[in-house]
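Peer 1: A single structure is presented below for examination.
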Amino acid sequence: MSLSLLATSTVPSSSLLNVNPLRSNTKNRSTVRVGKKVAYTSCEQKQSNEGDSHTIDRRNVLLGLGGLYGASATIGSQGKIAMGAPVAPPDLSKCQLATDAANGEQVYCCPPYSSADIKPFVPPNDGILRKRKPAHKLNRKEIEDFKRGIQLMKELPETDPWSYYQQATIHCTYCNGAFDQVGFEDVLLQIHGSWLFTPWHRYYIYFWEKILGKLLKDPTFAIPYWSWDTPEGMYMPGMYLDRNSPLYDDNRNHNHFTALMDYDFTWGAPNPTPEQEEEVKIRNLKKIHNMFTETIGAPSLFLGGPLSAGQVPQDIAGALENQHGLPHQWTGPEAIPRHDMGNFYTAARDTMFFGHHANVDRLWDIYSDLRGNKVEFDNPDWLDASFIFYDENRQVVNCKVRNLFLVIYLRIFVLITCNTYSGIHSFSICL
Ligand code: C2O
């Protein structure tokens, strides 16, 4: 079962076209069975209630996520009880076609290897510090280096696990149903919609960053983050807009190229006018503020609800995941299938994805910081959940969630402002 396996050819395409799948009312949800697997339509979105900035706001879920997973498969196909074991990495030999949530098309998202000598991930202890800076603050040389790294990645053969294409495909692998959960043939591996969301993406961009560092021969290379939670970052960072740059992706909403991101945007609506900008920024900031303050005592509200081995994800995304859906939707084009950024299958084909997720990573850091850096879930089903990635040493590694906490793995977020903005504390980390 996958959050993103949402439609197949058995779903009338009109069900996708008549509704905005990210904005329709939850009561329109329905489920569709695909073989043994339960899929669902993407009609999961709660209608936007203006002024509503709740932490469980599900408006911002990505196309392919969120929804409804009609079945309550708490028992796997082999009858195993689902609770009480962490989600395991996929069995590489059992990759299957994935599904583009927007149109039900079958897509190939398998890794370019079907077996591997998998080693445990060992966090680095080389003492090298990588400083992630906000994208809009990069200097010319830093932008050029970043472009060069992306260019090198794009020049690798598509079969190379380091290549831009394969790196982007990893997102589809874990989000669109390329694998069943090991031991549960009817439960697809899905890392959205639960507490797996933040650790999985942290690892994902970590390896992407390290691979770029290898290609650039610069182990200090750090992903520039898109600080869309701060007033100055609520625009597409300029470096992504140069059409001649490897950072450019034409599959974006061209109406938003220089616009202020309104967290309450709806497709087709005009961008904020210069007179409205201040008010929109303040409204956005309040949402970020609430995202932290309303969840501070309950990590599952911020990071997502539990998911153990064999459990069908129940769309218990946390406030951070929900909020992060907005820049995805706002960046991707308006027309379905919303490739690239507005669709799980393709989101990571846009380099902005990684800057966006570096910011998600940073917001998690801020949250942890606010809570005194206590591990959010002292639960082996979270801490021992594991994923596999192809690392910067061309090794397939098994990465446990707990390893994210055993070490400081040497990356920090630089800047922004610690000040309040119109009286709203923005929660940025000051370094
Ligand atoms: Cu895996 Cu931003 O989504």
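The values are calculated or read from the model by the stated rules, or taken from the named source; none is laboratory data. Since this is a predicted model, take the numbers as computed values, not measurements. Don't worry about glycine lacking a Cβ; one is built from the backbone with ideal geometry, like all the others, and counts go over all protein chains shown.
Peer 1: If I filter region 373-392 for residues that are more than 11 Å from the ligand (Cβ to nearest atom), within 24 Å of VAL187 (Cα to Cα), assigned to a loop (DSSP other than H, G, I, E, B) and hydrophobic (A, V, I, L, M, F, W, C), do I get at least one hit? Can you show your working first?
Peer 2: Within region 373-392, the first condition is being more than 11 Å from the ligand (Cβ to nearest atom), and the residues that meet it are 373-392.
Next, from what is left, pick out any that are within 24 Å of VAL187 (Cα to Cα): 377, 379-390.
Those left that are additionally assigned to a loop (DSSP other than H, G, I, E, B): 377, 379, 384-385.
Of the ones still in play, those that are also hydrophobic (A, V, I, L, M, F, W, C) are 377, 385.
Yes - at least one qualifying residue is present in region 373-392.
Peer 1: Of ALA269, ALA309, which residue is more than 30 Å from SER386 (Cα to Cα) and either in a loop (DSSP other than H, G, I, E, B) or in contact with a His (Cβ under 8 Å, 6 or more places away or on another chain) (or both)? Working first, answer last.
Peer 2: Values: ALA309 fails: more than 30 Å from SER386 (Cα to Cα).
Going through ALA269, ALA309 in turn, just one is more than 30 Å from SER386 (Cα to Cα) and either in a loop (DSSP other than H, G, I, E, B) or in contact with a His (Cβ under 8 Å, 6 or more places away or on another chain) (or both): ALA269.
Peer 1: Considering only region 350-385, state which residues are farther than 18 Å from TYR204 by Cβ and aromatic (Phe, Trp, Tyr).
Peer 2: TYR367, PHE377
Peer 1: Do we have any residue at all in region 325-335 that's under 12 Å from the mean Cα position of the chain (by Cα), assigned to a loop (DSSP other than H, G, I, E, B) and under 30 Å from PHE265 (Cα atoms)?
Peer 2: No, region 325-335 has no match at all.
Peer 1: With the condition kept exactly as written, say whether any residue in region 276-288 is part of a loop (DSSP other than H, G, I, E, B), modelled with pLDDT of 95 or more, closer than 17 Å to THR230 by Cα and not β-branched (Val, Ile, Thr). Quick ask: steps written out before the conclusion?
Peer 2: Going residue by residue through region 276-288, those that are part of a loop (DSSP other than H, G, I, E, B) are 276.
Now restrict to residues that are modelled with pLDDT of 95 or more: 276.
Imposing the further condition that a residue be closer than 17 Å to THR230 by Cα reduces the set to 276.
Narrowing the set further to residues that are not β-branched (Val, Ile, Thr) leaves 276.
Looking for residues that are part of a loop (DSSP other than H, G, I, E, B), modelled with pLDDT of 95 or more, closer than 17 Å to THR230 by Cα and not β-branched (Val, Ile, Thr), one finds at least one in region 276-288, hence yes.
Peer 1: Checking the structure you have, find out if any residue of region 226-246 is over 28 Å from ASN290 (Cβ atoms), of a type in the set (Lys, Arg) and touching a residue at least 24 places away in the same chain (Cβ under 8 Å).
Peer 2: Within region 226-246, not a single residue is over 28 Å from ASN290 (Cβ atoms), of a type in the set (Lys, Arg) and touching a residue at least 24 places away in the same chain (Cβ under 8 Å).
Peer 1: Being without any contact (Cβ under 8 Å) to a residue 60 or more places away in the chain, under 23 Å from LEU307 (Cα atoms) and out of contact with any Phe, Trp or Tyr (no Cβ under 7 Å at 6 or more places or on another chain) is the filter here, so list the residues in region 355-384 that pass it.
Peer 2: To start, the set of residues in region 355-384 that are without any contact (Cβ under 8 Å) to a residue 60 or more places away in the chain comprises 368, 372-375, 378.
Now drop any that are not under 23 Å from LEU307 (Cα atoms), which leaves 368, 373-375, 378.
Across region 355-384, the qualifying residues are SER368, ASN373, LYS374, ASP378.
Peer 1: Oh, and also: What number of residues within region 166-194 satisfy the criterion of being within 14 Å of the ligand (Cβ to nearest atom) and either out of contact with any helix residue (DSSP H, G or I) (no Cβ under 7 Å at 6 or more places or on another chain) or in a loop (DSSP other than H, G, I, E, B) (or both)?
Peer 2: The initial filter retains those residues of region 166-194 that are within 14 Å of the ligand (Cβ to nearest atom), namely 167-178, 189-194.
Then drop every residue that is not either out of contact with any helix residue (DSSP H, G or I) (no Cβ under 7 Å at 6 or more places or on another chain) or in a loop (DSSP other than H, G, I, E, B) (or both), which leaves 169, 172-173, 175-178, 189-194.
Counting residues in region 166-194 that are within 14 Å of the ligand (Cβ to nearest atom) and either out of contact with any helix residue (DSSP H, G or I) (no Cβ under 7 Å at 6 or more places or on another chain) or in a loop (DSSP other than H, G, I, E, B) (or both) gives 13.
Peer 1: A follow-up question, please. Got a number for residues in region 333-345 being away from the ligand (no atom under 11 Å from the Cβ) and touching a residue at least 12 places away in the same chain (Cβ under 8 Å)?
Peer 2: From region 333-345, those away from the ligand (no atom under 11 Å from the Cβ) are 333-340; that's our starting set.
Narrowing further to those that are touching a residue at least 12 places away in the same chain (Cβ under 8 Å): 333-334, 336-340.
Number satisfying all stated conditions: 7.
Peer 1: To continue, here is another question. Confirm whether ILE316 is within 16 Å of the ligand (Cβ to nearest atom), farther than 30 Å from THR220 by Cα and of a type in the set (Val, Ile, Thr). If you could, list the steps in order and put the result at the bottom.
Peer 2: On the way: within 16 Å of the ligand (Cβ to nearest atom): yes; farther than 30 Å from THR220 by Cα: yes; of a type in the set (Val, Ile, Thr): yes.
Judged against the criteria, ILE316 is a match.
Peer 1: Only residues that are of a type outside the set (A, V, I, L, M, F, W, C), more than 17 Å from THR346 (Cα to Cα) and modelled with pLDDT of 95 or more: list them for region 311-335, please. It would help to see each step written out before you state the result.
Peer 2: So in region 311-335, the residues of a type outside the set (A, V, I, L, M, F, W, C) come out as 311, 313-315, 318, 321-325, 327-329, 331-334.
Remaining after also requiring more than 17 Å from THR346 (Cα to Cα): 311, 313-315, 318, 321-323.
Across region 311-335, the qualifying residues are GLY318, GLU321, ASN322, GLN323.
Peer 1: Can you pull out the residues in region 207-234 that are of a type outside the set (Asp, Glu) and assigned to a loop (DSSP other than H, G, I, E, B)?
Peer 2: LYS217, PRO219, THR220, PHE221, ALA222, ILE223, PRO224, TRP226, SER227, TRP228, THR230, MET234
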